[in-house]
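Note sheet for the following structure.
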Amino acid sequence: MPARLTKLERTGLPHRVEAARPIADPRKRLLRVIELLEANLGVAVWDGRKDALEVLVLTILSQNTTDPNALRGYQNLAAHLPGKHTGKDAATLPRDAAGNVDKVKLRLSNAATAVEPPDWPRVAQLTQKQLADYIRAAGLPDSKSGAILALLAWLKQTVGDYSLDAAIEQLGVDASMDALSGLKGIGVKTVSVTLIEALGADLCPVDTHVHRIVNRLGVVDTKAQRDKTFALLKPMIPPGRAYSLHHNLLTFGRTVCTAKKPDCANCFLRKLCPSAKALIDAGEAR
Ligand code: SF4
């Protein structure tokens, strides 16, 4: 049976728990934030190993676009250059009432368990223009095709095959992160998302939500430098808590601590948050 697409799993019974007082030390504040996020949103649990190359290519395709668009580009590529049949079944993707892929429930990393991959050796032989044409539905086809071809060339050179799992096993997580994030078009966030979703690495990728929230909470002060946020945050997170922190901050950033008009008045982290008063006083909060 093909692996079924699963939604993000969470354990625990979330209930409303509020911050009681300010905490001066940013590291201790982060720990309290982790506890309060888990108490209010549950503990997000990694849902199992996936092929790292498939997750990374899907993640590259998802840059600056929606997950359904990224998936369309990936499926179009696989339809034109099909790989060996592995028994994956796209019918297990979540669907809305109209039968389209459900934009809310779709998790791109899990699409790797539901969608047949392309034939990577044949993809590696394409010109950049040919690949760009196949993945056009995902947007930015020129830069994304360049990134994918650079990745495949690096794999061939590093392990003699198109296996990112083999490369990570050979180099280790930290060296793989350095090498992959040095390839054009593949940044630290894209690699760290791949490592947590494909391998369950104990990392908290820093996307726009994570960056904004930990800065508002005064855990770091990194302004526009997202990769610096990742480097500073990494040693501050207690072992085993990074995966749940990442997913809880995504949920929190989409619902409460939104980019515009965060809901500071009803936020369970408000008493810990050095930005709340200024946002409320300036009328920039809901
Ligand atoms: S109080 Fe406001 S700014 Fe601070 S974490 Fe909550 S929603 Fe975000």
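Just so it is clear, none of the values below were taken in a lab; they were calculated from the coordinates. For clarity, every value in this text was computed on a predicted model and none was experimentally measured. Counting neighbours? That spans all protein chains shown, and the Cβs are built from the backbone with ideal geometry, glycine included.
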Worksheet item: Which percent of Cα-Cα pairs in region 247-286 sits in each 5 Å bin, short to long?
Response: 6, 27, 35, 23, 7, 2
Worksheet, complete the sentence: Highest GNM mean-square fluctuation among LEU41, LEU106, LEU126, for the chain with Cα springs under 10 Å, belongs to LEU126
Worksheet, complete the sentence: GNM on the chain, Cα springs under 10 Å; top mean-square fluctuation among ASN215, ASN69, ASN266 goes to ASN266
Discussion item. Taking θ = phi - 60°, what integer Hz values does the Karplus form 6.51 cos²θ - 1.76 cosθ + 1.60 yield along region 118-123, in sequence order, with x for Gly and Pro?
Written reply: x, 7, 4, x, 6, 4
Worksheet item: If you look at just the Cα atoms of the chain, how large are its Rg and its Dmax in Å?
Response: 19.9, 59
Fill in: Lys/Arg +1, Asp/Glu -1 at C-beta; region 52-199 dipole; positive extreme among GLN128, LEU155, THR92
GLN128
Worksheet entry | C-alpha long axis of helix 242-255 to longest principal axis of the chain, angle in ° | 70 degrees
Worksheet item: Going by a ≥ b ≥ c, the root eigenvalues of the Cα gyration tensor, does region 143-183 fall in the rounded group (a/c under 1.5), the prolate group (a/b larger than b/c) or the oblate group?
Response: oblate
Discussion item. Using amide H atoms built in the peptide plane, which far-off residues or other-chain residues are under 5 Å from VAL45 H to H?
Written reply: GLU9, ARG10, THR11
Worksheet item: Dipole of the chain (Lys/Arg Cβ +1, Asp/Glu Cβ -1, origin at the Cα centre): which of ALA24, ALA282, VAL45 lies farthest to the positive side?
Response: ALA282
Discussion item. Show me, bin by bin at 10 Å from 0, the whole-percent P(r) of region 52-199 based on Cα pairs.
Written reply: 12, 44, 36, 7, 1
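Which value results when the Cα radius of gyration for region 166-244 is divided by 2.2 N^0.38 Å?
Dividing the Cα radius of gyration by 2.2 N^0.38 Å gives 1.09.
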Worksheet item: Picking from ASP263, ASP89, ASP25, which is most flexible by a Gaussian network model of the chain using Cα springs under 10 Å?
Response: ASP25
Discussion item. Which three numbers, in whole Å and largest first, are the semi-axes of the equivalent ellipsoid of region 148-286 derived from its Cα gyration tensor as √(5λ)?
Written reply: 35, 14, 12
Discussion item. Let me check against my output: what whole-number percent is the relative contact order of region 127-254, with C-alpha pairs under 8 Å and at least 6 apart?
Written reply: 17 percent
Fill in: Rounded to 10°, Cα long-axis angle of helix 52-61 versus longest principal axis of the chain
70 degrees
Worksheet item: When every alpha-carbon pair in region 1-122 is counted, what percent end up more than 20 Å apart?
Response: 55 percent
Fill in: Net charge dipole size for region 52-199 [Lys, Arg +1 and Asp, Glu -1 on Cβ; Debye, nearest 20]
420 debye
